[in-house]
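Engineer: Supplied in structure tokens, the structure appears directly below.
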Amino acid sequence: MLYSLYELNHVALVPLRAAMSIQGAMLRSPFNPASHTELARRAAAASDVFEAVTRRYRKPDWNLPTTMVNGVPVPVQPTPVWTSAFCSLLHFKRDEEKLQSARRPRQDPKVLIVAPMSGHYATLLRGTVETFLPEHEVYITDWTDARMAPIYAGRFDLEDYVDHVAQALRVIGPQTHVVAVCQPGPAVLAAVALMSELDDPCTPATMTIMGSPIDARKSPTVPNKLAEERPFDWFEQRMIHTVPPIYPGAFRRVYPGFLQLAGFLGMNLDRHVDAHWSYFKNLITGDGDGITKHREFYDEYLSVCDLTEEFYLQTIRDVFQEHKLPRGKMTHRGRAVRPAAIRNTALMTVEGEKDDISGIGQTQAAHDICINIPDAKRCDYIQPGVGHFGVFNGRRFSSEIYPRMRSFMREHSGGVRRLTRKTP
């Protein structure tokens with residue numbers, strides 16, 4: 001019922017949004033003699049803000065047409081190399097001829113970025129992909145919005161997620177470097193443990209886990225406490241809703257993305273209100289840079305997708321309530337997940353000093369449970385001054401975190417084994 005009411009609300013606002021758009025256009029028209037008055041600018045700005053906060057945000061484009069390699073612009077084409085009903089494995093394929101003209105040796109490491117399936121699209125990691133592209137063959141898991149997956153496609157739970165990570169690594173091939181950003185950390189670690197136990201030749205060379213709840217008991221944040229304080233039945237009864245018939249995934253039970261977004265907005269409501277107030281003032285004064293930055297951020301941030309019921313509830317129970325992975329209780333298809341089986345995959349963990357989603361120590365816990373990885377193949381890094389999103393995106397990621405990840409991957413690529421210093 002809640003999902004249907006949400007959709008009806010959007011439909012009901014369509015005439016008002018159209019009227020506000022027309023009003024904004026009229027107030028800005030050069031043929032309107034009042035367009036340069038303070039009152040007209042304020043009214044037009046108000047129209048834009050209203051449109052922005054009531055709009056239905058679609059899945060963003062990747063918008064990565066080129067990358068710079070040794071100063072040469074190289075065209076990039078996101079190309080699916082493997083698909084399922086719930087995921088597309090994208091390869092950001094760089095133009096071979098342009099790469100040769102850049103005179104760059106064609107031995108760039110293969111990197112699989114496992115995007116979070118936690119309410120936002122994989123495009124949230126556009127900046128991460130962009131940073132890796134000049135020096136790596138980049139792949140990413142592009143998860144499907146659950147409301148777009150027909151019910152006949154079947155279930156998709158945490159165990160299916162682990163299977164998808166393992167399959168993606170097998171498609172890409174040996175000596176891949178896997179990067180888990182936030183939510184997929186436990187699933188990626190589980191996949192690598194299972195592959196290691198089978199001596200799978202496609203077990204990754206390195207595993208980098210960033211801002212992830214490997215052990216959510218350490219430095220619990222507001223989301224962690226909410227997951228622990230509420231009984232499991234509360235999530236099942238309050239957070240799960242049915243997809244309306246207007247979508248391909250009609251009648252599928254999901255955790256709607258708009259509920260996830262409401263939770264994130266509520267955590268920092270003052271900050272978002274201030275951001276929109278600044279946006280309003282920038283529209284009045286015509287500050288193009290401020291307007292563009294605001295739109296770029298919120299066009300991505302407000303674009304959300306749904307999660308399947310079984311994936312969401314299993315994640316709540318296994319990761320945030322019962323902490324199965326760090327307690328040695330996690331299983332996959334009836335098999336125990338044994339992080340101690342990981343011996344040859346190098347491990348790097350990255351955390352943000354001000355992360356309010358995954359607190360300090362939650363990601364570092366991967367080192368505690370992967371007991372058989374040699375010290376020479378470990379690296380732990382805490383980035384000063386950044387929050388959750390700054391761990392994998394933005395200036396500090398590009399200038400301080402990425403160079404460490406790049407060096408770590410190359411130190412443990414192709415059988416080369418050199419010492420990695422543990423960063424305090």
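Engineer: Scan around residue 87 for amide H atoms under 5 Å from its own, H built in the peptide plane at 1.01 Å from N, and keep only partners 5 or more places away or cross-chain.
Structural biologist: For residue 87, the qualifying residues are 144.
Engineer: Hey, what's the Kirkwood Rh for the stretch 130-220 if you take every pair of different alpha carbons, in angstrom? Please report the intermediate quantities before stating the final value.
Structural biologist: Numbers: mean 1/r = 0.0687 Å⁻¹.
Kirkwood radius, the stretch 130-220: 14.5 Å.
Engineer: Taking the alpha-carbon centroid of each part, what is the distance from the stretch 315-394 to the stretch 165-182 in angstrom?
Structural biologist: Comparing the Cα centres of the stretch 315-394 and the stretch 165-182, I get a distance of 16 Å.
Engineer: Considering all alpha-carbon pairs of the stretch 185-237, what whole percent are spaced by more than 18 angstrom?
Structural biologist: Details: 713 of 1378 pairs.
Tail of the P(r) past 18 Å holds 52 percent of the pairs.
Engineer: So how compact is the stretch 1-100: Cα radius of gyration and Dmax in angstrom?
Structural biologist: So, for the stretch 1-100, Rg and Dmax equal 22.0, 57 Å respectively.
Engineer: Rounded to the nearest angstrom and ordered from largest down, what semi-axes does the equivalent ellipsoid of the stretch 65-108 get from its C-alpha gyration tensor (root of 5λ)?
Structural biologist: Working: eigenvalues 130, 21, 10 Å².
The equivalent ellipsoid of the stretch 65-108 has semi-axes of 26, 10, 7 Å.
Engineer: In µm²/s, what is D for the stretch 323-373 at 10 °C and 1.306 mPa s, where D = kT/(6 pi eta Rh) by Stokes-Einstein and Rh is the Kirkwood radius from Cα pairs? It would help to have the intermediate numbers written out before the result.
Structural biologist: Working: Rh = 12.2 Å.
This corresponds to a translational diffusion coefficient of 130 µm²/s.
Engineer: Checking the a/c ratio against 1.5 first, then a/b against b/c, what shape does the Cα gyration tensor give for the stretch 62-183? Don't jump to the answer; show the numbers that get you there.
Structural biologist: Values: a/c = 2.31, a/b = 1.95, b/c = 1.18.
Prolate shape, in that a/c is at least 1.5 and a/b is the bigger ratio.
Engineer: Taking residue 110 as the anchor, which lysines have their alpha carbon closer than 19 Å to its alpha carbon, excluding any fewer than eight residues away along the same chain?
Structural biologist: 93, 98, 377
Engineer: Here's something else I'd like to know. Relative contact order, percent, of the chain when contacts are C-alpha pairs under 8 Å separated by at least 6 residues? Before the final figure, lay out each step's value.
Structural biologist: Values: 760 pairs, mean separation 74.9, N = 424.
Reported relative contact order: 18 percent.
Engineer: How big is the Cα convex hull of the stretch 291-424 in projection, averaged over all directions, in nm²? List each step's numbers first, then the result.
Structural biologist: Working: hull surface 42.4 nm².
Average of the hull's projected areas for the stretch 291-424 equals 10.6 nm².
Engineer: Divide, for the chain, the radius of gyration over alpha carbons by 2.2 N^0.38 Å, where N is the residue count.
Structural biologist: Numbers: Rg = 22.8 Å, N = 424, 2.2 N^0.38 = 21.9 Å.
The chain yields a ratio of 1.04.
Engineer: Sequence-distant or interchain residues sharing an amide H contact under 5 Å with residue 383, placed H: which?
Structural biologist: 351, 352, 353
Engineer: Under 16 Å Cα-Cα from residue 281, which aspartates and glutamates qualify once same-chain neighbours fewer than 8 residues away are excluded?
Structural biologist: 38, 48, 51, 289
Engineer: Which lysines have a Cα lying under 19 Å from the Cα of residue 218, excluding residues fewer than 8 positions away in the same chain?
Structural biologist: 324, 329, 354
Engineer: How large are Rg and Dmax for the stretch 345-403 when only the alpha carbon atoms are used, in Å?
Structural biologist: 11.9, 34
Engineer: Under the rule of at least 5 residues apart or a separate chain, name every residue whose amide H is placed under 5 Å from the amide H of residue 208.
Structural biologist: So residue 208 has HN proximity to 178, 179, 180, 348.
Each value in this text was obtained by applying a stated rule to the coordinates, not by laboratory testing. Here the structure is a predicted model, which is why all the values come from computation and not from measurement.
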